[in-house]
Amino acid sequence: MDETRALGRTDLRVKRIGFGANAVGGHNLFPNLNDETGKELIRTALDGGVNFIDTAFIYGLGRSEELIGEVVAERGVRDSLVIASKGAHKEVNGQIELDNSREFLRSEAEKSLKRLKTDVIDLYYVHFPDGKTPLAEVAGTLKELKDEGKIRAIGASNLSFRQLQEFNADGYLEVFQSEYSLIQREAEKDLLPYCEKNGISFIPYFPLASGLLTGKFTKDTVFEDSRKNRPPFQGEAFQQNLERVDKLKAVAEEKGVPAAHIALAWLLSQPAVDAIIPGAKRPDQLKHNLGALDVQLTEDEVQYISDIFK
Ligand code: NAP
């Protein structure tokens, strides 16, 4: 399915399944990554028709952006892509801090441009609030970058509902990114309705709940990365999630498609979710996830699946 959607009120059009590139060069986030596989992931995304790639400074402290920049230059496809990046993290004496100041974000955007080997970033997000810079002012900094032609669209991520409204006080926000999947539904309360009402695209992160919704984990799975410390993968919550995923697998079986496709198609059926950016560690995972574009869910199926995870 080749459908595209506009990001917010912009004229940037994206295919509905993009690629989240935190495992491309994200050596600080995941163990045992290698750069060649990272580049292969980007090539696989391009070959699969993906035109929306999501990265950030913090994915390898610039390494993800560099690897994407290399492959995009090698293929000569810059103009056909919508590349999103994010800034706010600052390395100070080996420690990571957050900074949303105008000076910092402007200099970070310049560095991202260089690493991505481009003269404009299609979508630039403030990755996290720093807890001190007024958010309307942060939006103003991104508006300035947009007016100067350094970025094409304004994004924000990881804001509470109150912060989201504060950021959007002047109506500049075009894309909001936050955690959302069948497993994590909090965004449905205020964030999604606000985005829908205000014409802001909502891009969910952890769309597969970090692999949980593929149905590949069992009670005996041992996690070796940050999943081992995250609530959905611990104790009773993990058991309960596995039981729900079993029910999702039954729906998938009935439709003759894999569970991951159902989980992703369900997200694509939610209002304001114009596109999703599942991540992958291996090219076969990425290819597999693109298959979700062919899955159509009826209203009854969407409701039934929602209820499994309520
Ligand atoms: P995700 O999409 O929920 O899960 C991706 C992980 O699931 C992969 O790395 C892989 O991990 C596993 N997986 C993916 N496809 C699979 C398949 N077909 N079969 C089996 N396993 C599969 O989580 P995510 O990648 O962390 O999040 C998506 C994107 O959102 C990121 O890449 C990043 O661009 C963005 N993000 C943004 C923020 C933010 O603060 N704004 C935060 C997190 C992520 P294993 O093989 O190791 O199981």
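The values are calculated or read from the model by the stated rules, or taken from the named source; none is laboratory data. Computed from a predicted structure; not experimentally measured. Backbone-built Cβ (ideal geometry, glycine too); neighbour counts: all protein chains shown. Accessible surface areas use protein heavy atoms only, side chains included; no ligands, DNA or RNA. Shrake-Rupley method; radii C 1.70, N 1.55, O 1.52, S 1.80 Å.
Take H288: with every protein chain present and a 1.4 Å probe, its accessible area is about 80 Å². Local charge for S210 was computed over the other residues whose Cβ lies under 12 Å away, with Lys and Arg +1 and Asp and Glu -1, and equals +3.
Were the residues from D147 through V77 laid out at 0.36 nm apart, the gain over their Cα-Cα distance would be 22.8 nm.
With a/c under 1.5 counting as rounded, go ahead and sort the stretch 105-175 into rounded, prolate or oblate using the C-alpha gyration tensor (a ≥ b ≥ c being the square roots of the eigenvalues; past the cut-off, prolate if a/b is larger than b/c, else oblate). Since a/c reaches 1.5 and a/b is larger than b/c, the shape of the stretch 105-175 is classed as prolate. Think of the chain as a dipole: +1 on every Lys or Arg Cβ, -1 on every Asp or Glu Cβ, centred on the Cα centre; then among A45, F202, A250, A45 lies furthest on the positive end. Taking each residue as 0.36 nm, the span from T4 to E224 lengthens on full extension beyond its C-alpha to C-alpha distance by 75.5 nm.
For the chain, take every pair of Cα atoms, bin their distances at 10 Å starting from 0, and report each bin as a whole percent. P(r) for the chain, in whole percents per bin: 6, 28, 36, 24, 6, 0.
For the chain, the longest principal axis of the alpha carbon atoms and the long axis of helix 63-75 meet at an angle near 90°. The lysine pair count for the stretch 156-310, using Cα distances under 13 Å and pairs eight or more places apart or on different chains, is 5. For the stretch 206-267, GluC sites (Glu not before Pro) are listed when DSSP marks them as loop and at most 11 other Cβ atoms sit within 10 Å of their Cβ; the list is E224. Apply 1/(1 + (r/R0)^6) to the Cβ-Cβ distance of R185 and K255, taking R0 = 30 Å, and write down the FRET efficiency to the nearest 0.05. That gives a FRET efficiency of 0.85.
If you take the charge dipole of the chain about its Cα centre, with +1 on Lys and Arg Cβ and -1 on Asp and Glu Cβ, which of A23, F161, A263 is farthest toward its positive end? So the residue we want is A23. For the stretch 189-285, the percent of C-alpha pairs falling in each 10 Å distance bin, counted from 0 to the bin holding the largest distance, reads 14, 39, 35, 11, 0.
Loop-located trypsin sites (Lys or Arg not before Pro) in the stretch 3-73 (DSSP state not H, G, I, E or B) with no more than 16 neighbouring Cβ atoms inside 10 Å: R9.
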